[in-house]
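The values are calculated or read from the model by the stated rules, or taken from the named source; none is laboratory data. All figures in this text were calculated on a predicted structure; none of them were measured in a lab. Here the Cβ is made from the backbone with ideal geometry for all residues, glycine too, and neighbour counts use every protein chain on show. All accessible areas refer to the heavy atoms of the entire protein, side chains included, with ligands and DNA or RNA removed. Shrake-Rupley method; radii C 1.70, N 1.55, O 1.52, S 1.80 Å.
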Amino acid sequence: MTASTGICNDEKTRARHGVRILFASMALAIPGLAAAQSDGEKPLLHDAHFHLTNYIQEGLEISDFLEIMGDEVGRVAIFGVPLQQAWAYSNTGDFAPVTYAQTDAPLYYYSFTDAAIATAYLSLPDKQRARFDPMITGFNPADMYAVDHIRRVLTTFPGVFTGIGEFTIHKEFVSAKTAGGPASLLDPALDRILDFAAEAGLLVILHNDIDMPFPRPGQDPYSARQLGTLLRRHPNATVIWAHMGLGRVVHPVNDMAGIIDRALSDPELAHVYIDLSWTATAKYVAASPEAVAITAKLINSHPDRFLFGTDEVAPPNQEIYLQNYSLYAPLLSQLDAVTREKFLKGNYERLFDAARVRVRAWEKENVK
Ligand SMILES: [Zn+2]
């Protein structure tokens, strides 16, 4: 069977149609989805957190990803993975690891990812480009020269990028095996990056676990405290905190909802937003009716501050791609209509549109 026979299109259309039928049936099964779809409006959502490529820099053609987005997904904040998982023969022999959990071999920063994302974006016609917000990730946040890489990518690919990130400081299983040593929230290199983001208008997506894996009872969640101090030092940078700081084993800290509520109520943190991307985060949010109710209360009381995201990495189809949307169906049904629209689309549009305008203006001033 070859792509040129046209079967491809018919099959693709049939497959997409199949997914739609699937979604329609799921809508009936899951109240939130039905509620979310009740307005019948497409797109259903924008995705504030998507990886086109994985830890060995393989992934989807952006044109194939557009197919997976369909009409259900409007806009996507798109980036690669800034780290390459090394395949060390001395460590795994012929076994080729595809992610960081499959080998002790190190991860190293892979700056070419930004050129790959820019090239994919520029391969699209204008109408399709408008659906994407490419983000620069290929830098080491512990390098005082990282800010120069960001500036260089902007001037090499003007008209492409909207922001930086997702980049990572503390991340379970990853930071400790990154070549060159882990990044730190105390590092002036990070202040240089956030100063430049504020200057150029680049939207920032930052990954930092709220706590360390397996903390001892009563252990000081210093990571959360250090993050708060860093963010207060950069009031002019717009920062989206990825996954609300949760992870596979990094679970909610004591009084998590209280900590988040107080932080979002603090005028010194008015420039901070939260994406609820990753199924690991959804796992905690949707763990019980109580967890759903607590999270819904938090989002309803801060309607402008939360964004939907998938954190999917080169998914094979729409069902996998949107599994986070399905997992959040109970949560969606407990958000008031205005807040739900902002969580799924409005906050994305407000933040990413503002960043696009500012970054283009910076480029106009700074790109010869
Ligand atoms: Zn991510």
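Some observations on this one:
- Most mobile listed residue (N254, N324, N140) in the chain, GNM with C-alpha springs under 10 Å: N254
- Residue among F157, F50, F167 with the largest mean-square fluctuation in a Gaussian network model of the chain, springs linking Cα atoms under 10 Å: F157
- Value of relative contact order over the chain, rounded to a whole percent, pairs C-alpha under 8 Å and six or more apart: 18 percent
- Sorting Y284, Y108 on solvent-accessible area from highest to lowest, probe radius 1.4 Å, gives Y108, Y284.
- Built amide H within the under 5 Å cut-off of L203, gap 5+: G163, I164
- Taken along the Cα-to-beta-carbon direction at a fixed 7 Å, the label points for A354 and K297 span 2.8 nm.
- Segment 310-347 versus segment 200-264: alpha-carbon centroid distance in Å: 21 Å
- Inter-label distance for D261 and Q128, nm, one decimal - labels placed 7 Å from Cα along Cα-to-Cβ: 4.6 nm
- Eigenvalues of the alpha-carbon gyration tensor of segment 47-366, scaled by 5 and square-rooted, set the equivalent ellipsoid semi-axes at 26, 24, 22 angstrom, largest first.
- If R0 is taken as 35 Å, the Cβ-Cβ distance between A361 and M212 corresponds to a FRET efficiency of 0.30.
- The HN-Hα couplings worked out from phi for segment 100-117 by the Karplus form 6.51 cos²θ - 1.76 cosθ + 1.60 (θ = phi - 60°) are 5, 7, 9, 6, 8, 4, x, 9, 9, 5, 10, 6, 4, 4, 5, 5, 5, 5 Hz, whole numbers, x standing for Gly and Pro.
- Space enclosed by the convex hull of the alpha-carbon atoms of segment 263-332, per residue, Å³: 92 Å³
- Residues whose amide H lies under 5 Å from that of L45, counting only those 5 or more places away or on a different chain, are G74; hydrogens are built 1.01 Å from N in the peptide plane.
- In order along segment 323-339, phi translates into HN-Hα couplings of 4, 5, 5, 5, 4, 8, 3, x, 5, 4, 6, 9, 8, 5, 4, 5, 5 Hz, rounded to whole numbers, per the Karplus curve 6.51 cos²θ - 1.76 cosθ + 1.60 with θ = phi - 60° and x for Gly and Pro.
- Helix-only arithmetic for the chain: the sum of -39500 (n - 2.57) across DSSP H runs with n ≥ 4, divided by the residue total, places the mean residue ellipticity at 222 nm at -12500 deg cm²/dmol.
- Take every pair of alpha-carbon atoms less than 8 Å apart whose residues are at least six positions apart; their mean separation over the length of segment 279-368 yields a relative contact order of 35 percent.
- Amide H contacts under 5 Å for T178, placed H, 5+ residues apart: L107
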